[in-house]
Amino acid sequence: MEETTKNNFLGVEKVGKLMRMFAIPCVLSLIIQSLYNLVDQIYIGNCATLGAAGNAATGIVYPLTVIALGIGLWIGDGCAACMSLNQGQGNTKGAARSVGAALFYGTIASIALMIICFCLKDKILVAIGAQGDILDKSSEYANFIIGGFLFFTFACVLNPIIRADGSPKFAMLAMAIGAIINIGLDPTDQARSAQEKALKSIAEKGSCVIVGRAGDKVLADYKPLRIFIHAPLEYRVERIMLKYGDSKVNAEEFAILSDMRRAKFYDVISGCKWGDSSY
């Protein structure tokens, strides 16, 4: 009864106002959702190490995302219609059962899609048109996309359900937060791209020495001479203590944190393990 009362405006409000109240957030949600791929393509296209090949790879993988989106909306919109009918009849238990069924089938469908896509990934990508270097990039990118199908499909199922429950603005806000986070993270890749362009610009001018910055990977096409200089932790701790007059505990913590930052930076830029001579 409480749930029916809360959504009572759906049965008494003017149709025109309800259309505006629900249609505008719904349309904005779809526009916001399209920003994910649009913004990613802009940043990938401007990345020195990806460029057109990266755009092609993400474009080839995108149909898999659309399939997951279709499954999520298929189940979610169906549940929203069923839930609305039950709420209109005052059958809150029936509405709750339809939501539970949608979440269950959405989970099963997304897991099944993940298994199929992982098992047939390369064959699917080749059928779409990937080959050579594009296939390698597409396959690597697809691993992340397919791995997130469960969460993505779950969100697509929930969005129309939340909207049908009388909270269209909340559903739109949930989509907007994800898009804003995605846009906010992309400048990190843009900064990385700018660094790569700067290093290559220096290398193209002639012989040079690049210290750090994952230069060996960024400039791999230039066949650089790679030298990894390191020292035992004990020696470095003593040197830090001598140079900065710090305690042994603080000096050791400083050395370890510096290593962690360098390792993380190298991993983000190159995708390889910092200090591993096997690469």
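Couple of notes before you dig in:
- The lone criterion from (1) modelled with pLDDT under 80; (2) assigned to a helix (DSSP H, G or I) left unmet by Asn250 is number (1).
- Taking helices (runs of 4 or more DSSP H) as the structural unit, those lying wholly within the range 66-152 and holding at least 3 residues that are among the small types (Gly, Ala, Ser) correspond to 92-119, 132-147.
- Residue match in the range 222-241 (condition: at pLDDT 80 or above, in a helix (DSSP H, G or I) and of a type in the set (Lys, Arg)): yes
- Scan the range 1-36 for residues that are of a type in the set (S, T, N, Q), within 24 Å of Cys156 (Cα to Cα) and either surrounded by 15 or more Cβ atoms within 10 Å (Cβ to Cβ) or at pLDDT below 70 (or both) and the total you get is 3.
- In the set (1) surrounded by fewer than 13 Cβ atoms within 10 Å (Cβ to Cβ); (2) touching a Lys or Arg at 6+ places or on another chain (Cβ under 6 Å), Gln131 fails one condition alone, (2).
- Considering only residues in the range 81-123 that are closer than 13 Å to Ala164 by Cβ and within 27 Å of the chain's Cα centre (by Cα), the one that is surrounded by the most Cβ atoms within 10 Å (Cβ to Cβ) turns out to be Ala102.
- The residues listed here are Gly178, Gly148; of these, the one that is modelled with pLDDT under 80 and within 24 Å of the chain's Cα centre (by Cα) is Gly178.
- Test for Tyr62: is it hydroxyl-bearing (Ser, Thr, Tyr), under 22 Å from Phe154 (Cα atoms), modelled with pLDDT of 75 or more and part of a helix (DSSP H, G or I): yes
The values are calculated or read from the model by the stated rules, or taken from the named source; none is laboratory data. All values reported here derive from a predicted model rather than from experimental measurement. Neighbour counts run over all protein chains shown; Cβ positions are idealised from the backbone, glycine included.
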